[in-house]
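The values are calculated or read from the model by the stated rules, or taken from the named source; none is laboratory data. Because the structure is a prediction, the values reported are computed rather than measured. Backbone-built Cβ (ideal geometry, glycine too); neighbour counts: all protein chains shown.
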Amino acid sequence: MCFHRVLLSNFVESGVPYVMSLYSSPPVFTFPSPMQKNPSNFPPGPWPLPFLGTVFTKMDFRTMNKLAEVYGNVFSLRVGSEKMVVVTGYKMVKEALITQNDSFVERPNVPLFHKVYKGTGLTMSNGYRWRTHRKFGGLHLRMFGEEKKILEHSIQQESVYLCDAFKTEKGLFNPMIILNGAVSNTVACLTFGQRFDYHDEYYQRILRLDNECVQLAGTHRAQLYNVCPWLLEYLPGPHQTMFSNYKQITDFLRGEIIKHREDWDPSNPRDFIDNYLTEMEKYFLFFFSQKKSDPKAGFNIEGLVISCLDMIEAGTETSASTLRWGLLFMIKYPEIQKKVQAEIDRVVGQSRQPCLADRVDMPYTEAVIHEMQRFGDVVPLGFPKRSAKDTTLGGFFIPKGTSISTNLSSVLHDPNEWETPDTFNPGHFLNENGQFRKRDAFLPFSAGKRACLGEQLARQVIFLFFTSLLQQFTFSKCPGEEPSLEGEVWFTNVPSPYRMCVSSR
Ligand code: HEM
């Protein structure tokens, strides 16, 4: 334990009030305000500043890991007037997400997002509205994914465009824009029924605006908006950039919805928007036939706009970053790349495209992809949650309405669960016979009722894109360059920009 941390724990033990700032040394002191009173047996945590709480504590997973070393696996922070509990390590996260699933199924009201989402759509909604939207979204994904196999076919088609784009790049390049374009097209096919050219200026701009929102959402300055929205509403800052970006993105989505309405045929749904319009109509018909209408479900135009935003936001950055991590690991560990290519050559060969049915015959590739997700750790703190009722977790009392953050990164690197948590090691997912083995602590998609809705889609996209690329190309470091494995932590954890050398096989 470093000196700084010893200092911190001494202060905790002596009960001296202070403001935690792991990045400023020495710690800054303040006195508690009457607002800070916690219920008895509430999880411990750094003393907050009056009105501001622990707002100077960086809200990223590395800071949360350090705080857990000081305060334990269930600790608390205060962001403005909101109390927040952070849950760390496989055992405790499993307890929260799986064993006590009903207690932690809600989303909190985060002002930075509430301004845009307004509790509608899928990702940030609660209660009945969330349940109906989740059921609807799940059905849509299943219909296009598993039953009609439309998704597999469209991902395979997109792989062709992706590989062609890599071929035209020749030599050294940063794969980010092409990978983002390819992944977002799989979500676009599902949502709008169409793909966009990787050089389509308008759609690329929408993706850039969204990417900027994800980046800004993780910054300290934007998070200040969560502390005093009433004040920052009128002041400039990154939160205003986010609101302006979201306005442009939702305008684009409204345009797509209007176009869909013009040639919408309920008997022949093309995509998510068409299916949602049918769902809206159902509620409309209910209303006019005097049957019980269901406005609480929130199937209306605003709900549709935000549900489309949910699909793009939740589905693009996450899968594209996983693939960027994957290619980075391949150039860092060429011997692992060679083994994946050997398996592809053996199972798929060079004369056809990889398909999902190949997965069962490719345990090594599956293990590498799982390790890419574990080590890449793209959503390190999961999405925020809120306790739906008074609960006890790890022996601490958590009152209804408390914000909860489940540190998924601490699960994916839990030293009690992984043999070599801080090393890229596909062996984590292989048994002694070289067969693929599942691991309980593999939770990049979270777990429980609120777990990622797009897990199957994401796994299909990652497998088909990754194997198609390695079937056709070999990736290596650019001469004289050593890309870093240290990610850039925004809301997501993404690789720092890197360039690579691509050669056709
Ligand atoms: C590698 C790719 C992905 C990762 C790592 C990932 C991870 C996650 C995580 C950690 C959550 C939060 C779960 C929780 O609150 O406990 C989540 C939620 C969600 N994800 Fe994903 N995701 C990925 C891809 C996708 C894709 C492709 C889609 C769909 C197009 C998608 C749709 C969603 C939705 C709609 C939610 C909100 C679920 C709810 O609130 O009920 N995700 N995802």
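Sort out which residues of the stretch 170-219 are assigned to a helix (DSSP H, G or I), among the charged types (D, E, K, R) and in contact (Cβ under 8 Å) with a residue 60 or more places away in the chain, and write them in order of number.
210 - this is the single residue of the stretch 170-219 that is assigned to a helix (DSSP H, G or I), among the charged types (D, E, K, R) and in contact (Cβ under 8 Å) with a residue 60 or more places away in the chain.
Return only the number of the condition from (1) touching a residue at least 60 places away in the same chain (Cβ under 8 Å); (2) closer than 30 Å to residue 398 by Cα; (3) in a helix (DSSP H, G or I) that residue 120 does not satisfy.
Among (1) touching a residue at least 60 places away in the same chain (Cβ under 8 Å); (2) closer than 30 Å to residue 398 by Cα; (3) in a helix (DSSP H, G or I), the lone unmet condition for residue 120 is (3).
I'd like the full set of residues that are away from the ligand (no atom under 16 Å from the Cβ) and in contact (Cβ under 8 Å) with a residue 60 or more places away in the chain, limited to the stretch 470-493.
470, 471, 472, 473, 474, 475, 476, 477, 478, 483, 485
When the residues of the stretch 67-115 are filtered to those that are of a type in the set (A, V, I, L, M), assigned to a helix (DSSP H, G or I) and more than 18 Å from the chain's Cα centre (by Cα), which remaining residue is surrounded by the fewest Cβ atoms within 10 Å (Cβ to Cβ)?
If we take residues in the stretch 67-115 being of a type in the set (A, V, I, L, M), assigned to a helix (DSSP H, G or I) and more than 18 Å from the chain's Cα centre (by Cα), then 98 is surrounded by the fewest Cβ atoms within 10 Å (Cβ to Cβ).
Hey, among the residues in the stretch 418-447 that are of a type in the set (Phe, Trp, Tyr) and under 24 Å from the mean Cα position of the chain (by Cα), which one's nearest to the ligand (Cβ to nearest atom)?
It comes out as 445.
Please count how many residues of the stretch 384-402 are part of a strand (DSSP E or B), more than 25 Å from the chain's Cα centre (by Cα) and basic (Lys, Arg).
The total comes to 0.
So if I check each of 357, 451, 342, which one is closer than 22 Å to residue 59 by Cα and surrounded by fewer than 17 Cβ atoms within 10 Å (Cβ to Cβ)?
Working: 357 fails: closer than 22 Å to residue 59 by Cα; 342 fails: closer than 22 Å to residue 59 by Cα.
Only one candidate passes the filter, namely 451.
Could you count how many residues in the stretch 370-394 are more than 10 Å from the ligand (Cβ to nearest atom) and either without any contact (Cβ under 8 Å) to a residue 24 or more places away in the chain or farther than 23 Å from residue 68 by Cβ (or both)?
Number satisfying all stated conditions: 6.
Determine, yes or no, whether residue 234 is loosely packed, with under 15 Cβ neighbours inside 10 Å and either part of a loop (DSSP other than H, G, I, E, B) or in contact (Cβ under 8 Å) with a residue 60 or more places away in the chain (or both).
yes
With the condition kept exactly as written, say whether any residue in the stretch 180-196 is out of contact with any Leu (no Cβ under 9 Å at 6 or more places or on another chain), small (Gly, Ala, Ser) and within 16 Å of the ligand (Cβ to nearest atom).
yes
Against the condition within 16 Å of the ligand (Cβ to nearest atom), at pLDDT 90 or above and either hydroxyl-bearing (Ser, Thr, Tyr) or in a loop (DSSP other than H, G, I, E, B) (or both), how does residue 250 come out, does it pass?
Answer is no for this residue.
Among the residues of the stretch 142-164, are any surrounded by fewer than 16 Cβ atoms within 10 Å (Cβ to Cβ), at pLDDT 90 or above, over 23 Å from residue 323 (Cα atoms) and within 16 Å of the ligand (Cβ to nearest atom)?
So far as the stretch 142-164 goes, no, none of its residues is surrounded by fewer than 16 Cβ atoms within 10 Å (Cβ to Cβ), at pLDDT 90 or above, over 23 Å from residue 323 (Cα atoms) and within 16 Å of the ligand (Cβ to nearest atom).
Determine the pairs where a residue that is among the aliphatic types (A, V, I, L, M) and modelled with pLDDT of 95 or more, located within the stretch 429-455, has a partner that is more than 6 Å from the ligand (Cβ to nearest atom) and in a loop (DSSP other than H, G, I, E, B) with Cβ atoms under 8 Å apart, the partner being 6 or more residues away or on another chain.
Listed pairs, sorted by first residue: 430/437; 441/414; 441/417; 441/418.
Could you say whether any residue in the stretch 132-151 is free of Cβ contacts under 8 Å to residues at least 24 places away in the same chain, out of contact with any Pro (no Cβ under 9 Å at 6 or more places or on another chain) and not in a helix (DSSP H, G or I)?
yes
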